[in-house]
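**Q** Structure incoming, see below.
The values are calculated or read from the model by the stated rules, or taken from the named source; none is laboratory data. The structure displayed is predicted, hence computed values, not measured ones. No Cβ is skipped: glycine too gets one built from the backbone with ideal geometry, and neighbour counts run over all protein chains shown. Only protein heavy atoms, including side chains, enter the accessible area calculation; ligands, DNA and RNA are left aside. Shrake-Rupley method; radii C 1.70, N 1.55, O 1.52, S 1.80 Å.
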Amino acid sequence: LRDSENVFEDRVARQEVILVVDDLFQIRQSIREILEPQGYRVLTASMVTEALDLARTEEPDLVITDWMMPEMSGTELIQRLRDDEILKSVPVIMLTARADSPSRVGGVEAGANAYLVKPCEEQELIHTAENLLHLRRTERERAISGRQRLLGQLSVELAHGLNNPLNFISGGVVNLRSVIEEVDDVL
């Protein structure tokens with residue numbers, strides 16, 4: 001029980017943001033009522049264009065979208081997210097009434113990280129969201145750790161090069177350039 005309390009407190013402190021996109025108000029409200037008590041900040045949009053605007057300003061940690069909407073489909077929303085340099089790694093749950101196998105495959109092929117059929121169980125939605133958010137946090141932590149490791153390596157190389165000027169001039173410049181290129185790639 002203590003571990004789940006820590007996870008909840010951590011989630012509340014960080015206020016992970018979930019964007020829910022569905023043309024039906026009742027569905028958006030129902031998902032909000034399920035996820036907000038779990039400590040998430042839930043934003044809603046009824047149309048894909050509104051969702052994209054919100055996603056660009058709020059940078060959600062997770063998107064939950066319906067497939068069938070009047071203006072643009074959920075698969076089109078996913079494609080637009082995947083094409084956006086900042087939003088491309090945001091996990092997406094496709095939550096739809098389309099339960100057939102070809103639709104499930106199509107949703108995943110479109111880039112959905114998970115596919116749930118309406119109506120879904122509350123716990124299934126909560127656990128799917130938690131799992132995807134956990135993976136996203138882990139990816140971020142790995143990226144930060146990698147950046148820190150490269151910056152540490154760069155500072156050691158620079159210190160060594162500055163302490164040994166002749167070595168720095170002759171061969172250290174080439175080595176430092178490769179380290180700087182690695183840092184640029186990561187950043």
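**Q** Looking at the range 66-81 only, could you name the residues that are open to solvent by 60 Å² or more (accessible area, probe 1.4 Å) and within 15 Å of Leu52 (Cβ to Cβ)?
**A** Glu71, Glu76, Gln79, Arg80, listed by residue number.
**Q** Moving on. Tell me, please, whether a residue that is in contact with a helix residue (DSSP H, G or I) (Cβ under 6 Å, 6 or more places away or on another chain) and farther than 20 Å from Ile126 by Cα can be found in the range 24-39.
**A** no
**Q** Which one is nearest to Gly74 (Cα to Cα), of the residues in the range 102-129 that are open to solvent by 40 Å² or more (accessible area, probe 1.4 Å) and touching a residue at least 24 places away in the same chain (Cβ under 8 Å)?
**A** Here the residue is Lys118.
**Q** Could you list all residues from the range 82-101 that are of a type outside the set (Asp, Glu), open to solvent by 30 Å² or more (accessible area, probe 1.4 Å), in contact (Cβ under 8 Å) with a residue 24 or more places away in the chain and within 22 Å of Arg136 (Cα to Cα)?
**A** Arg82, Ile86, Ser89
**Q** Identify, from the list Leu133, Leu52, the residue that is touching a residue at least 60 places away in the same chain (Cβ under 8 Å), open to solvent by less than 20 Å² (accessible area, probe 1.4 Å), assigned to a helix (DSSP H, G or I) and in contact with a strand residue (DSSP E or B) (Cβ under 9 Å, 6 or more places away or on another chain).
**A** After ruling out the rest, the residue left standing is Leu133.
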